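Working notes, structure below.
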Amino acid sequence: MRLSIVVPVYNVEAYLRRCLRSLLDQDLDPSDYEVLVINDGSEDGSLEIATSFALNNRNVMIHSQENLGHSAARNAGISLATGKYIYFVDSDDYIASNVLAGLVRTMDREQLQILAFGYSRVGPDGESSRARVDYAVFQDVAVSSGIQFMATHNHANTVWYYILDRGFLGDSGITFEVGKLVEDALFT
């Protein structure tokens, strides 16, 4: 398994179909990646939507737990992940088609622990704008350890901005702090 995608889910029935469709519309073979839907005690139709995707896609798996928050859901995803790499996607987000294979190839080729990449913000009206990312920050960066990168560079503090090596996460003991808002800022 090359990639585990962790999707924490809590009462997002309005967005979840688009999110999961985008994760399945990829250029990786389904046997090369898993989509781990962590149902965090949803009380709307989110679990039913996720179940319909899991029934029709062997690489979509569901783990349900009581509502403990995004951090606990992401930590559960880390524990369940079997991929070499982990990517966190918020359930109200979606990703572009056919991008994951290139990101995974880059991780493999460069033997990276962390890979950051660009994104676009899409408003409710469907208008897309390139997010402000200062790529000049990365111009002088050589390949370095994940811990060294995090300690020495200004980087985005949203977890969906990165693909991470699962071994790096395990070795470093990094997890999400349960009970905190903006938990991905603390993680990154």
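Taken together, the values in this text are just the output of simple stated rules run on the coordinates, not laboratory data. On a predicted model such as this, the values are computed, not experimentally measured, just so you know. A quick note on method: Cβ atoms are made from the backbone with ideal geometry, for glycine too, and the neighbour counts reach across all protein chains shown.
Per-structure values
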read-out	value
Verdict on Met61 being assigned to a helix (DSSP H, G or I), buried (at least 16 other Cβ atoms within 10 Å of the Cβ), of a type outside the set (S, T, N, Q) and in contact (Cβ under 8 Å) with a residue 12 or more places away in the chain	no
Residues of the range 81-118 satisfying the condition of being farther than 21 Å from Thr175 by Cβ, assigned to a loop (DSSP other than H, G, I, E, B) and among the β-branched types (Val, Ile, Thr)	Ile95, Val99
